[in-house]
Amino acid sequence: MFDFLALAYPWTKALHVMAVITWMAGIFYLPRLFVYHAERGRSGQEPAQSFKIMEDKLLRLIMNPSMIVTWIAGLMLVLTPGIVDWTMIWPWTKAAGVLAMTWFHMWLAGQRRSLLAGQGLSGRRYRMMNELPTLFMVVIVLSVIVKF
């Protein structure tokens, strides 16, 4: 199996990068939709219905599958012999960043349910929360590229 992972390494890495890009695009956009939903979509009519559809499709059809592919490809990379040196700090900081990003994804899913129930946070609060994935991304990218 490890021979397969070594042979598939460039393809796995490419798949991982593509899935991360897609996941991050959704992670950056969904809170922005929540801002608009919270500020302009509280009623059961337009634009609230459009926000609900956009949020659902973004989360269910784009973000969830890309997060799953990111995790699967990432785990395949971790299992590839010679790729990760666990005695260094960077794999641990990257892992912490990925876990934080996954927590944020799940938090967004919970906020979507809150908005559907007519609750949720203010637009200002969603704007503030929209900064978190940038911090997580910085930790992840610096960990992998600089390998501190």
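Quick notes on this one:
- For Thr87: the one exception among (1) exposed (fewer than 13 other Cβ atoms within 10 Å of the Cβ); (2) part of a helix (DSSP H, G or I): (2)
- Test for Gly74: is it under 21 Å from Tyr9 (Cα atoms) and out of contact with any Ser or Thr (no Cβ under 6 Å at 6 or more places or on another chain): yes
Yes/no per residue for (1) of a type in the set (Phe, Trp, Tyr); (2) in a helix (DSSP H, G or I):
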site: Ile27; (1), (2): no, yes
site: Leu30; (1), (2): no, yes
site: Phe34; (1), (2): yes, yes
site: Ala38; (1), (2): no, yes
site: Glu46; (1), (2): no, no
site: Lys52; (1), (2): no, yes
site: Glu55; (1), (2): no, yes
site: Met63; (1), (2): no, yes
site: Ile68; (1), (2): no, yes
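- Criterion applied to Leu33, Leu7, Leu61 was being exposed (fewer than 15 other Cβ atoms within 10 Å of the Cβ) and within 18 Å of Ala109 (Cα to Cα), and the one residue passing it is Leu61.
- The range 119-132 residues that are free of Cβ contacts under 8 Å to residues at least 40 places away in the same chain, paired with ones that are assigned to a helix (DSSP H, G or I) (beta carbon under 7 Å, 6 or more apart): Leu132/Phe104
- Unmet criterion (only one of (1) surrounded by 12 or more Cβ atoms within 10 Å (Cβ to Cβ); (2) over 18 Å from Pro133 (Cβ atoms); (3) of a type outside the set (Phe, Trp, Tyr); (4) without any contact (Cβ under 8 Å) to a residue 12 or more places away in the chain) for Ile53: (1)
- The listed residue being of a type in the set (A, V, I, L, M), surrounded by 14 or more Cβ atoms within 10 Å (Cβ to Cβ) and either outside any loop (DSSP other than H, G, I, E, B) or at pLDDT 95 or above (or both), out of Val78, Val138: Val78
- Which numbered condition Leu115 misses (of (1) surrounded by 12 or more Cβ atoms within 10 Å (Cβ to Cβ); (2) at pLDDT below 95; (3) out of contact with any Asp or Glu (no Cβ under 9 Å at 6 or more places or on another chain)): (3)
- Candidates are the residues of the range 64-75 that are of a type in the set (A, V, I, L, M, F, W, C) and over 16 Å from Leu99 (Cβ atoms); the one that is surrounded by the fewest Cβ atoms within 10 Å (Cβ to Cβ) is Val69.
- Per-region count, the range 50-64, residues basic (Lys, Arg) and within 22 Å of Val20 (Cβ to Cβ): 2
The values are calculated or read from the model by the stated rules, or taken from the named source; none is laboratory data. Here the structure is a predicted model, which is why all the values come from computation and not from measurement. All Cβ positions, glycine included, derive from the backbone under ideal geometry; neighbour counts span all protein chains shown.
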